[in-house]
Amino acid sequence: QVQLVESGGGLVQPGGTLRLSCASSGIIFSIATMEWYRQAPGNQRELAAGISSGGRTNYADSVKGRFTISRDNAKNTVYLQMNSLKPEDTAVYYCRARSGYYNYWGQGTQVTVSS
């Protein structure tokens, strides 16, 4: 059974930091491109950051310089370090694992940036 379990979300003040984790099981993690998407109320789901199986990263312009995606293949886990958070970062953050063989999503974790 495939599972992608996100954690680390919560309420944080503007300028604060959070670190999201996505632990996977049931997939061959090392070949997966791992991505973090986010969806704010009333908006479409958008890609925030991605990391390929080879470690190449890409970011949405809105998070460049503030967010860092990384992966630990030994732990089958991908992370999203979020610094200098802004109210507009408020959203449900979803983890996605995809390869030529599969495409799976986690259930999401809520991030709220508010004073």
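The values are calculated or read from the model by the stated rules, or taken from the named source; none is laboratory data. Keep in mind that what you see is a predicted model, and the values were worked out from it rather than measured. Note that each Cβ is placed from the backbone with ideal geometry, even for glycine, and that neighbours are counted across all protein chains shown. Quick note on the areas: whole protein, heavy atoms, side chains included, nothing else; ligands and nucleic acids left out. Shrake-Rupley method; radii C 1.70, N 1.55, O 1.52, S 1.80 Å.
If you average the C-alpha positions of segment 1-36 and of segment 75-94 separately, how far apart do those two centres end up, in angstrom?
Between the Cα centre of segment 1-36 and that of segment 75-94, the gap is 8 Å.
Semi-axes, largest first, in whole Å: what does sqrt of 5 times each Cα gyration tensor eigenvalue give for segment 55-115?
23, 14, 11
Roughly to the nearest percent, how much of the accessible area of the chain is carbon and sulfur, given a 1.4 Å probe?
Carbon and sulfur: 44 percent of the exposed surface of the chain.
For Gly16, what residues show an amide H to amide H distance below 5 Å, using hydrogens built from the backbone and excluding near sequence neighbours?
Leu85
What whole-number value in Å² describes the accessible area per residue of the chain for a 1.4 Å probe?
53
Would you mind putting 45-51, 103-109, 93-99 in packing order, based on average other-beta-carbon counts within 10 Å, highest first?
93-99, 45-51, 103-109
Let me know the Rg and Dmax you get for the chain when you use only its Cα atoms, in Å.
13.3, 43
Could you grab the relative contact order for the chain? Cα pairs under 8 Å, six or more apart, rounded to a whole percent.
36
Can you work out ³J(HN,Hα) from phi for every residue in segment 67-76, in order, using Karplus 6.51 cos²θ - 1.76 cosθ + 1.60 and θ = phi - 60°, giving whole Hz and x for Gly and Pro?
Going residue by residue, I get 10, 9, 9, 8, 9, 10, 5, 5, 9, 6 Hz, with x marking Gly and Pro.
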